[in-house]
Amino acid sequence: MQVAPRPRRRGRTALLIAGAAVLGLVAGTCGGYLVQADREPTKLPPLSQPALPQAKGKGPEPLSAARDRRVKTDGDLRKLLLKKPGGAKDADWLTGADGWMDLAAYADLYESPDEIFGDLVGDEFRRAAVTGWESGTTTLEIRLIQFRQEEAPAAADSTDNSQYWAEAEDATESWTIPGTGNGMAYVHTEPEREAGYLPLYSAEAYASRGDIAMEILIYDTKRISKKKIMDLAERQMERL
């Protein structure tokens, strides 16, 4: 049976050295005070400082509307959503009014709305724009969620959270969305089944750019292709 080694005791020599160091420190401090007492007081520098010369010449030109991302994202966020394709039907099941989704409506999309509502307030939720349509057996919804981001990169954090849950589902294939950095698209290869209803397949995509998080959800009675979800995600991110 092994016994853990006991720590060594501090010997008398160590105590003496420590005591001498303390005495030396006290003596040195007292001597320093005596020396300072015999000296003339040192004058303090004046509080006012000389004015620094101003730079001359014109400042940089402001960014054009085409190059300034803020011009886009601070305007009507609904105009950045993909347009409904020809032949598709308007989605009368969308939550929101006139393409806008407020904080309460967005939180209500989650399993624990009360908890999510508080989280979104802390994340500085600003606004959300939403669109959707039906085409054949396909149902689609796109959301752009904007945050104020004065304290934290909430858009990127929201995207990471959505991606975590998408990846956690069984029978899921995923791909990086080109040109987005952190964007990911997912196709769930096994449908959800419920008595009395046709099997329902799904796909989703999540990415962020600046203060906006993008969310795309597709549902269909047949398996959704990688090409379909990737094309939608790439085109939507290009508009941002």
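The values are calculated or read from the model by the stated rules, or taken from the named source; none is laboratory data. Not measured: the values here are computed from a predicted model. For neighbour counting, all protein chains shown are included, and Cβ atoms are generated from backbone atoms with ideal geometry for every residue, glycine included. Note: areas computed on protein heavy atoms with side chains; ligands, DNA, RNA excluded. Shrake-Rupley method; radii C 1.70, N 1.55, O 1.52, S 1.80 Å.
Observations
- Rounded to the nearest whole Hz, the Karplus-based 3J(HN,Hα) values (6.51 cos²θ - 1.76 cosθ + 1.60, θ = phi - 60°) of the stretch 136-149 follow the sequence x, 9, 9, 10, 9, 9, 10, 10, 10, 9, 10, 10, 6, 6, with x at glycine and proline.
- In order through the stretch 213-229: 3J(HN,Hα) via Karplus (6.51 cos²θ - 1.76 cosθ + 1.60), integer Hz, x for Gly, Pro: 9, 9, 9, 10, 10, 10, 10, 7, 7, 10, 4, 8, 7, 4, 4, 5, 5
- Counting heavy atoms of the protein chains alone, Asp92 has an accessible area of about 140 Å² for a 1.4 Å probe.
- Inter-label distance for Thr189 and Ala152, nm, one decimal - labels placed 7 Å from Cα along Cα-to-Cβ: 3.5 nm
- Taking Lys and Arg as +1 and Asp and Glu as -1, the other residues whose beta-carbon sits under 12 Å from that of Asp220 total +1.
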